[in-house]
1. Which residue, LYS119, LYS14, LYS142, tops the fluctuation ranking in a GNM of the chain built on C-alpha contacts under 10 Å?
2. In percent, how large is the relative contact order of the range 119-201, given Cα pairs closer than 8 Å and 6 or more residues apart?
3. Bin width 10 Å, alpha-carbon pairs only: give the P(r) of the range 2-111 as whole percents, running from 0 to the bin holding the largest distance.
4. If each DSSP helix of 4+ residues adds -39,500 (n - 2.57) and the sum is divided by the residues in the chain, what number results at 222 nm, nearest 500 deg cm²/dmol?
5. So how do TYR130, TYR145 line up by other beta-carbon neighbours within 10 Å, fewest first?
6. For the range 80-202, what is the convex hull volume of the alpha-carbon atoms per residue, in Å³?
7. Structure shown: which of LYS142/LYS186; LYS31/LYS119; LYS151/LYS172; LYS30/LYS119; LYS114/LYS135; LYS6/LYS118 lie over 28 Å apart, alpha-carbon to alpha-carbon?
8. Rank by packing, highest mean first: peptides 169-175, 189-195, with packing defined as the count of other Cβ atoms within 10 Å averaged across residues.
Amino acid sequence: EICEKKSRFICHVKPVETEEEATAFINAIKKEYWDARHNCSAFVIGRNAELTRCSDDGEPAGTAGRPMLEVLLNEEIRNVAVVVTRYFGGVLLGTGGLVRAYQSAVKEGLNASKVIEKKEGVRAVVTCDYNLSGKLQYIFEKNKYAILEAKYEENVSFILLIPTGDFTRVQKEVTEASSGQTELTKEDECIYAVVDGETILF
């Protein structure tokens, strides 16, 4: 939240995957802050910003929604919706003042949020004997690959998360390290992110 000449600008930020999710979020904020003068919004969906929308919600054209959208695009933030709620303080800010206030509110909202980078990955599995498990584990830890699950039964099985671009190289490394005794096989493809050292699957 920021204050500009007695007007309050409150920024709400939410990750969204579809236009329907973004619209539902915007409508929910408008309903919650029904007594505010304006609830201006912007959202960007798609890795290459394939879908963008913005609304001035009664502010002079081009002074709110578009400047808010430009912050998201310039910061290369994707799959997110923002709503800035304005409680009018009685002092007109002028066109330039409005643009600065709405952009500042979005920047503050993003600064208070945790931005995560989604990546394409492969969930892969490898099974080996106990003698080989230490060597393979060293390879995975050296490359900083997340071991999602380890099963210690008659043999050892590792389920790993590997960046898509690394899979072929690591597959070859596992085959060579095991002298062809085992191989890394692909289970499925997924989207993931690493947040504060923790791997999150989507």
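Every read-out reported here was derived from the displayed coordinates using simple, explicitly stated rules and does not represent laboratory data. As the structure is a computational prediction, the values presented were derived from the model and not from experiment. All Cβ positions, even for glycine, are placed from backbone atoms using ideal geometry, and neighbour counts span all protein chains on display.
1. Judging by the Gaussian network model, the answer is LYS142.
2. It rounds to 42 percent for the range 119-201.
3. 16, 52, 27, 4, 0
4. Theoretical 222 nm ellipticity from helices: -10500 deg cm²/dmol.
5. TYR130, TYR145
6. For the range 80-202, the hull spanned by Cα atoms encloses 132 Å³ per residue.
7. Cα-Cα > 28 Å for LYS31/LYS119; LYS30/LYS119; LYS114/LYS135; LYS6/LYS118; rest within.
8. 169-175, 189-195
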